[in-house]
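Asks: Questions regarding the structure given below will be posed in turn.
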Amino acid sequence: MTIVILTGPPGCGKGTQAEIMAGRLGVPVISTGDTFRAQVAAGTELGRRAQAYLDAGEYVPDEVTNAMVLDRLTADDTRPGFLLDGYPRTLDQVAVLDEFLDAHHRHLDAVVALEVPPDELVQRLLHRAQLEHRSDDTEDVIRHRLEVYDQYTRPLIKEYAGRGRLIPVDGTGELAEVSNRILTVADSLLYPHA
Ligand code: AMP
């Protein structure tokens, strides 16, 4: 069973690499960002609550996000493990996840942190804005999302490093180069003694 968190600032390539890594590990990706966007698109009650936060580049309140993730983590497909993309993002979310894992006698194998310098992040996000038309990919909102990340999520890196769980990965370069680094990490988790 493999339980991994993939973290990193907006624009670091998390979503793409999450799919690649989870494919290798044979576990589902649980992406809070994708789930929120799907709920908004479907016009559900949760989507209605989340939309203003997404559009403004703010985090959805912890109690809403935590409830959504805990519900997802009880599904059968998480039995072989799971890869979290975009969760946890606050220390409160870390505590909720810790509690869930403890209660289910499961443990976190690794927190993979994709590292990309700030200037490159802005460039990538602006480029993605042209391709995907996400409501939160305008320049002002992009800058705000990076600030929110620094304030609330960057502290998690230190927290997990302190627990000896952090695996930093260089997120710069071509997609294929980054994927190779990610797959090497996946293999080290699958075959720790190889
Ligand atoms: P992402 O696709 O991961 O960049 O997430 C897009 C947006 O979804 C974020 O800017 C937040 O508004 C919301 N979101 C995603 N994950 C979380 C989370 N763990 N906590 C709070 N809000 C989140």
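The values are calculated or read from the model by the stated rules, or taken from the named source; none is laboratory data. The structure presented is a predicted model; accordingly, all values stated were derived computationally and were not measured. Here Cβ is always computed from backbone atoms with ideal geometry, including for glycine, and neighbour counts include all displayed protein chains.
Asks: Need pairs with beta-carbon distance below 6 Å; first residue in contact (Cβ under 8 Å) with a residue 24 or more places away in the chain and within segment 168-194, second β-branched (Val, Ile, Thr) and assigned to a loop (DSSP other than H, G, I, E, B); sequence gap 6+ or separate chains.
Replies: Listed pairs, sorted by first residue: 171/116; 172/116.
Asks: Quick check on residue 102: is it among the charged types (D, E, K, R), more than 16 Å from the ligand (Cβ to nearest atom), in contact with a Leu (Cβ under 6 Å, 6 or more places away or on another chain) and under 24 Å from residue 70 (Cβ atoms)?
Replies: Considered against the rule, which asks whether it is among the charged types (D, E, K, R), more than 16 Å from the ligand (Cβ to nearest atom), in contact with a Leu (Cβ under 6 Å, 6 or more places away or on another chain) and under 24 Å from residue 70 (Cβ atoms), residue 102 comes out as no.
Asks: Kindly check whether there is at least one residue in segment 69-85 that is among the aliphatic types (A, V, I, L, M), free of Cβ contacts under 8 Å to residues at least 24 places away in the same chain and near the ligand (Cβ under 10 Å from one of its atoms).
Replies: no
Rundown of residues vs (1) closer than 19 Å to residue 53 by Cβ; (2) assigned to a helix (DSSP H, G or I), yes/no style:
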residue: 96; (1), (2): yes, yes
residue: 107; (1), (2): no, no
residue: 113; (1), (2): no, no
residue: 126; (1), (2): no, yes
residue: 129; (1), (2): yes, yes
residue: 142; (1), (2): yes, yes
residue: 145; (1), (2): yes, yes
residue: 158; (1), (2): no, yes
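Asks: Does segment 71-92 hold any residues that are in a helix (DSSP H, G or I) and in contact with a helix residue (DSSP H, G or I) (Cβ under 6 Å, 6 or more places away or on another chain), and which are they?
Replies: 92
Asks: Just give me the residues in segment 93-144 being touching a His at 6+ places or on another chain (Cβ under 9 Å) and over 25 Å from residue 62 (Cβ atoms), in sequence order.
Replies: Across segment 93-144, there are no qualifying residues.
Asks: Okay, moving on. Among the candidates 81, 86, which residue alone is at positive phi and over 13 Å from the mean Cα position of the chain (by Cα)?
Replies: 81
Asks: Additional query: Quick one: count up the residues across segment 15-24 that are crowded, with 23+ Cβ neighbours inside 10 Å and not small (Gly, Ala, Ser).
Replies: Residues in segment 15-24 being crowded, with 23+ Cβ neighbours inside 10 Å and not small (Gly, Ala, Ser): 2 in total.
Asks: Now for a separate question. Going through segment 9-49 one residue at a time, which ones are more than 10 Å from the ligand (Cβ to nearest atom) and assigned to a loop (DSSP other than H, G, I, E, B)?
Replies: Result: 13, 26, 27, 28, 43, 44.
Asks: Given the criterion more than 14 Å from the chain's Cα centre (by Cα), among the hydrophobic types (A, V, I, L, M, F, W, C) and modelled with pLDDT under 95, identify the matching residue among 73, 125.
Replies: Testing whether each residue is more than 14 Å from the chain's Cα centre (by Cα), among the hydrophobic types (A, V, I, L, M, F, W, C) and modelled with pLDDT under 95 leaves just 125.
Asks: Same structure, new question: May I ask you to verify whether residue 42 is modelled with pLDDT of 95 or more, of a type in the set (A, V, I, L, M) and within 23 Å of residue 172 (Cβ to Cβ)?
Replies: no
Asks: State which residue pairs qualify: first residue over 14 Å from residue 71 (Cβ atoms) and among the aliphatic types (A, V, I, L, M) and inside segment 32-54, second residue within 9 Å of the ligand (Cβ to nearest atom) and not in a helix (DSSP H, G or I) in any location, beta carbons under 7 Å apart, and separation of 6 or more residues or different chains.
Replies: Once the first residue is over 14 Å from residue 71 (Cβ atoms) and among the aliphatic types (A, V, I, L, M) and sits in segment 32-54, its partners that are within 9 Å of the ligand (Cβ to nearest atom) and not in a helix (DSSP H, G or I) give 50/60; 54/136.
Asks: In segment 50-63, which residues are more than 8 Å from the ligand (Cβ to nearest atom) and closer than 11 Å to residue 93 by Cβ?
Replies: 63
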